[in-house]
Amino acid sequence: MNKDRIYLFKYAISKRKIDSKILFVLIVTFILIAATTPIILAASEDNVIITFDPNGDIDIDISLASYNFSSAIAGMWKNSTGGVFTLYNNGSVPMDTQIKTNATTDETDMSLNASGVPPALDEYALYIEDLDFPDYLTSVYGAEFDQGLNSLDSKTFDICLLIGVNLSANFSWQTTTIYFQGSVS
Amino acid sequence: MKKLTILFLTILVLFPSFSVVTKGGFEIWPGKLTITMNEWYDKWVETKYNKIHVTNPYSYGINVSVKLDHPGAEVIYEGYSNIPDLSWIKIEPLILYLPPYSSDTVKVIIEVPKDEQSKYFNENWETWVIFDSNLYPGGQGGMNFKVELAVKLFINTPKGEASLSRYLLILLFSSFSFFVTFIIFIYTKKRKNYLIKDTKPNSSLFFYRRKRF
């Protein structure tokens, strides 16, 4: 009789163990599902495909690095002549080039006029010639000035400056920067 | 004659220093990077190819800074448009120091906010990653030149709602887990029955079982 009691007790214990096992399995299952779901929803090489041009090394250079127009007469074009500047493509693929300049001179005395009409009071215009698409410079990158410059090829160009007839003062030295941006054709 | 030769050699040595060139000062690769998303995701995880390599081929160290910009309407690829928000693209790091003759990479990470994703299925965006170095001769003349290099970044968004395959995987995994749980449950139940069956006829458990069934 005593043995039976012990057996009943053991049976009760084993039943509780079985219940706790089931609970444990359910918890483990839930944890596994919870842990795996975010991995499936994260970016992976299955749902993000990245492609690139293996030969697309890009590098452009400009010569000269700076230029002085010296004194310029208001209302008259002053040009660098004979292809003073050179655009180089030292990359491994054909390149397109965009050009822009600052909206004012560094001294902020004069403003850029990019419309092609004669510059008004305290304005100046810059014009690029001899590249594929000669045009006035603007203060944002727009259409390309040159397209498809081959790898290790170069091209010469000139820059023209026009200062407006009307100036509010006899300005001294004015400086500005011209930016060249190269990208794959 | 000897003097002339020395003069000629001196000019030859000095000549390169007169020819000042504005250089990008570095090389970048690749020039075009296309990221195509088959499905939206919640978080970007590391992939193998979302990197742009920057090389300093010179004998001096340079700083390279990186920024993002929309290409102008005149130069954007046909069928592509500007990304609605540039902050959805992250570049890491934004400033890079390259020691002489060294290379490094910057990572391009695309993270479209979850609440915006449903608005932008089947979109083709073009953005430019622009690299600029401190090799800038500024202040040398009335007009100074600066060179920037741009990597064209193309982003293609998912064509439509997430395909069933993603949910199929979750469903399969859940089914498998429940199946395993079920098997374990059956096994433990059988074991319990085995324990009851094996009770001795003269034990009180035997009577308990007989009373019950």
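The values are calculated or read from the model by the stated rules, or taken from the named source; none is laboratory data. Every value quoted in this text rests on a predicted model; they were computed, and no experiment measured them. FYI the Cβ positions are ideal-geometry reconstructions off the backbone, even for glycines, and counts take in every protein chain you see.
Considering A:LEU131, A:LEU121, which residue is surrounded by 20 or more Cβ atoms within 10 Å (Cβ to Cβ) and either of a type outside the set (Ser, Thr, Tyr) or not in a loop (DSSP other than H, G, I, E, B) (or both)?
After applying the criteria, what remains is A:LEU131.
Which residues, counting only those in the range A:107-137, are under 21 Å from A:VAL84 (Cα atoms) and touching a residue at least 24 places away in the same chain (Cβ under 8 Å)?
Selection gives A:TYR124, A:ALA125, A:LEU126, A:TYR127, A:ILE128, A:GLU129, A:ASP130, A:LEU131, A:LEU137.
Please specify each residue of the range B:80-123 satisfying the condition of being under 20 Å from B:SER65 (Cα atoms) and among the basic types (Lys, Arg).
Within the range B:80-123, B:LYS90, B:LYS107 qualify.
Let me confirm something: among A:THR156, A:THR105, A:THR177, which residue is within 16 Å of A:TYR67 (Cα to Cα) and exposed (fewer than 15 other Cβ atoms within 10 Å of the Cβ)?
Exactly one residue qualifies, and that residue is A:THR156.
Identify all residues within the range A:69-102 that are in a loop (DSSP other than H, G, I, E, B), closer than 23 Å to B:GLU148 by Cβ and either at pLDDT below 85 or under 23 Å from the mean Cα position of the chain (by Cα) (or both); write none if there are none.
The answer is A:ASN90, A:GLY91, A:SER92, A:VAL93, A:PRO94, A:ASN102.
Restricting to the range A:137-153, count the residues that are surrounded by fewer than 17 Cβ atoms within 10 Å (Cβ to Cβ) and assigned to a strand (DSSP E or B).
2
Which of the residues spanning the range B:81-124 are in a strand (DSSP E or B) and among the aliphatic types (A, V, I, L, M)?
B:ILE89, B:ILE91, B:ILE95, B:LEU96, B:LEU98, B:VAL106, B:VAL108, B:ILE109, B:ILE110
Yes/no per residue for (1) at pLDDT 75 or above; (2) closer than 26 Å to B:VAL54 by Cβ:
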site	(1), (2)
B:LEU135	no, yes
B:ASN144	yes, yes
B:LYS152	yes, yes
B:THR157	yes, no
